[in-house]
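Worksheet: one structure, shown below.
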Amino acid sequence: MPSYWILKTEPSTYSYDALVKEQRTVWDGVKNNLALRHIRSMQKSDRVLIYHSGKEKALVGLAEVVKGPYPDPQQSDPKLVVMDIKATKPLRNQVTLADVKSDRAFKDLALVRMPRLSVIPVDAASWKRLLKMAGA
């Protein structure tokens, strides 16, 4: 059974549109210990919502983990890990951070509680609710 995640990215650095164009990418650049621990928990077929940080602050697209965690080949520090994801489809309706914060069902979601965390686990009930909000 797949797990569910939110991956945050600054769209001026790497946008969901860039992922769609490339189809697949190595998700790298994560240095936070908790976020790295989450990456180490990811497995092939886990489902992902891509969140644009910065000015947008919205969930914008769906992706899937296609290769589980492995050491970042661009770094010499073995604790830095990456995984590969592929784009699946953009969300029909973007779900803004304000939308998420206004829904009490998400009060414990790390997107609300830990706004700087870049790799966020999502429980199955919250995942379904987010997809419904997105029209997916």
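The values are calculated or read from the model by the stated rules, or taken from the named source; none is laboratory data. Since the structure is predicted, the reported quantities are computational estimates derived from the model, not experimental observations. Backbone-built Cβ (ideal geometry, glycine too); neighbour counts: all protein chains shown. When the accessible area is computed, the model is the full protein with side chains, heavy atoms only, and any ligands, DNA or RNA have been set aside. Shrake-Rupley method; radii C 1.70, N 1.55, O 1.52, S 1.80 Å.
Observations on the model:
- Of the accessible area of the chain, computed with a 1.4 Å probe over protein heavy atoms only, carbon and sulfur atoms account for 49 percent.
- Prolate/oblate/rounded call for the chain, Cα gyration tensor, a/c under 1.5 rounded: prolate
- Each Cα pair under 8 Å and six or more residues apart adds its separation to the average, and for the chain the resulting relative contact order is 31 percent.
- Only the Cβ atoms of Lys and Arg (+1) and of Asp and Glu (-1) were treated as charged; on that basis the dipole of the chain about its Cα centre amounts to roughly 360 debye.
- Convex hull volume of the Cα atoms of the range 56-136, normalised per residue: 121 Å³.
- The HN-Hα couplings worked out from phi for the range 25-30 by the Karplus form 6.51 cos²θ - 1.76 cosθ + 1.60 (θ = phi - 60°) are 8, 8, 8, 10, x, 7 Hz, whole numbers, x standing for Gly and Pro.
- Nearest-ten-degree value, helix 124-133 long axis tilted from longest Cα axis of the chain: 60 degrees
- For the chain, the solvent-accessible area of protein heavy atoms averages 56 Å² per residue (probe radius 1.4 Å; ligands and nucleic acids excluded).
- Listed residues Tyr14, Met114, Val30: farthest to the positive end of the dipole of the chain (Cβ charges): Met114
- Among Leu59, Val100, Pro73 - extreme Cα towards positive end, dipole of the chain, charges at beta-carbon: Val100
- For the chain, built as a Gaussian network whose Cα springs stay under 10 Å, the top-fluctuating residue of Lys57, Lys101, Lys21: Lys21
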